1. Using a 10 Å cut-off around each Cβ, can you sort V582, V246 from fewest to most neighbouring Cβ atoms?
2. Quick one: if the Förster radius is 22 Å, what FRET efficiency do S377 and Q350 give, using the C-beta to C-beta distance and rounding to 0.05?
3. When the label point is put 7 Å from the Cα of F309 along its Cα-to-beta-carbon vector, which residues of the stretch 347-365 have a backbone N closer than 12 Å?
4. At a 10 Å Cβ-Cβ cut-off, how would you order W153, W367, fewest neighbours first?
5. Counting only Cα, what are the radius of gyration and maximum Cα-Cα distance Dmax of the stretch 286-444, in Å?
6. Applying 1/(1 + (r/R0)^6) with R0 = 22 Å to the Cβ-Cβ distance of S343 and I462, what FRET efficiency is obtained, to the nearest 0.05?
7. Evaluate the distance, in nm, between pseudo-label points positioned 7 Å from the Cα of H298 and of A408 along their respective Cα→Cβ axes.
8. So how much slack lies between S272 and Q196, counting 0.36 nm per residue of separation and subtracting their Cα-Cα distance, in nm?
Amino acid sequence: MTEDPQAQPMEFKAEVQQLLRILSHSLYKERDIFLRELISNASDALHRAQFTMLTNQDMLDADAELAIHIEADKDAGTLTVSDSGIGMTHDELIENLGTIAHSGAMAFLQTLEEGQKLDDIIGQFGVGFYAVFMVADEVRVTTRSYQQDAEAWTWISAGDSTYRLIPAEKEHRGTTVEIRLKEDAKEYASTWRLEQIVKMHSNYVSFPIYVGETVANQQTAIWRQPPSQVQEDDYKAFYKQLTMDVEDPLLHAHIVSDAPVEIHSVLYIPASRDQSMFRSRPDYGLKLYSRKVLIQEHNKELLPEYFRFVEGVVDSADVPLNVARETVQSNRTIGHIKRALRSRLVKALQELGDEKPDEYKRFWEAWGLFIKEGVASDFAGRDDLLPLLRFQTTKSEDELIALSAYVARMKEGQSSIYYILGDSLQSVQRSPHLDAFRANDLEVLYLVDPLDAFMVQSLREIEGKPLANVDDPDLELPKADSVEAEPSEPELGPEQFGKLIVRFRKVLGDRVAEVKESKVLKGSPCRLVSAESGPERDMQRVRRLLEENYETPAKILEINRGHPLIRDLATLNGRPSADALVDLSIEQLFENLLLLEGLLPNPAEMVPRIQSLLEQATSASAKSADG
């Protein structure tokens, strides 16, 4: 190629040469980013032209369409990105493209030499344009300013130590970037590939992006529109496009804020955890945009982790970015956005629970575990999450109730909120622990998720009312409700009952910490209670799930001396002919309790014992009938 006699050769400073090499080869993780950066620069130039038109009608090409054009020549291996934006003068070209980070290049390189990681160098340089050298052997930037008398110039560089400036012929306002692609980057001369990148990273840029003759971007970003101008169907359509979920979302929240930071966001709660197999986001996190340009596909910093099921987009011009725009700096701005999004999301869920309980029930069934996780882990934000909690109870009849509703209907004299931990709703509903509560008309919360044992540690008190586990050995029920009914049959005498206690201890050995009379059982023969109360007691259930060789501490066995089965065992106790039956019965009663508590390691081992008990029972009945 013949050198233009008017070319102005210029040399990058040594440190800038090194910086250029680092920027084009080290900071960017994905080569596709170069096109996003060029489009972002073009969009900025178009915005500036649009703003200038408001006060200056004497612009070059005042009637030109504000647009971006991308052309690829597969045979020549070239790519061209052009815009009709504000353009640049000769001096602006040097300022913008000739002196990369001119105020801090040496300091930047010094930090690298001292061992600082590239990921730590955040928000210091606006050099996205230079990502183009990941894919380019040579780049030509031809530009003409919006000023009527401005001359056009071409900036040329191969990403080495020099660049050139050449007078150019350009009739229209704007900038054209011509890229001669590297041999291993020829994929970017494919129209289909370019359209794919535009839709991924620049779909919502405000101006049309033509790839060939086709507009490749959507342009209308609903999160940037006033909520009053967005229809419900628009929200649903955007959600399905965003997630590939075939169901409509359960809830959306459109958030617009100017202070303390600018936020434009639309967040969604999916209707179920069983979403479409075609959903496009296997990882969680919100899409993060800056001025409608996608910065991160899965940003995990903008909401607490327990809200990881939330889908949506966040757009903020105030988000600080690193050189490559790929990593968001964790700082005050991110903190402000996170608090604003979390607050609005919690408020939307509270409103759903108050106004649409049936829909909230769907939410809770799908995502309630995540809220419990938040209560267990987010100490600072726990109080905001408490109104979102829902539980089934001994009185809820399969409905879900809030803690505030439980407190509002507590009985006179009731000072505690009662709960029972278990492995399933079916097991806790049959628990002997509930005997006294049913007899005294006291409501009990069912906690049957593995996470509940963690969560309850953060719920030691609600509205001044302490929480109490129904298997607390020292539990005292309201005195007004503790009136004992007269037994229908005489209770066992102390001597006979004492002998049965001894028999239980002998059969069960160190599998129980103690055997004693129950003061609360009504319709059940016995129950197991923890040897001690407090948080450690509740955490035993969690440790059992997490620890491979975990052994449950021995519990206290309480016996109901007024139950018919206990009376019959006491009568048979001491008869040699009934020894086997008594021992089998004691073993079975104990394992029944372990089964209800979710503590029985191998339920199948109960089968031979049950069969033996059936044989003895039927044999006794047959002999009595023959009698």
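1. Lowest to highest Cβ neighbour count: V246, V582.
2. 0.65
3. Taking a point 7 Å out along Cα→Cβ of F309, the residues of the stretch 347-365 whose backbone N falls under 12 Å are 360-365.
4. Ranking W153, W367 by Cβ neighbours within 10 Å, fewest first, gives W367, W153.
5. Spelled out, the Cα radius of gyration and Dmax of the stretch 286-444 are 20.4, 69 Å.
6. Working: r = 21 Å, r/R0 = 0.98.
Using R0 = 22 Å, I get an efficiency of 0.55.
7. 4.2 nm
8. Length gained, S272 through Q196: 24.4 nm.
A short reminder: the numbers here are calculations on the coordinates, not readings from a lab. Quick caveat: nothing in here was measured; it's all calculated off a predicted structure. Don't worry about glycine lacking a Cβ; one is built from the backbone with ideal geometry, like all the others, and counts go over all protein chains shown.
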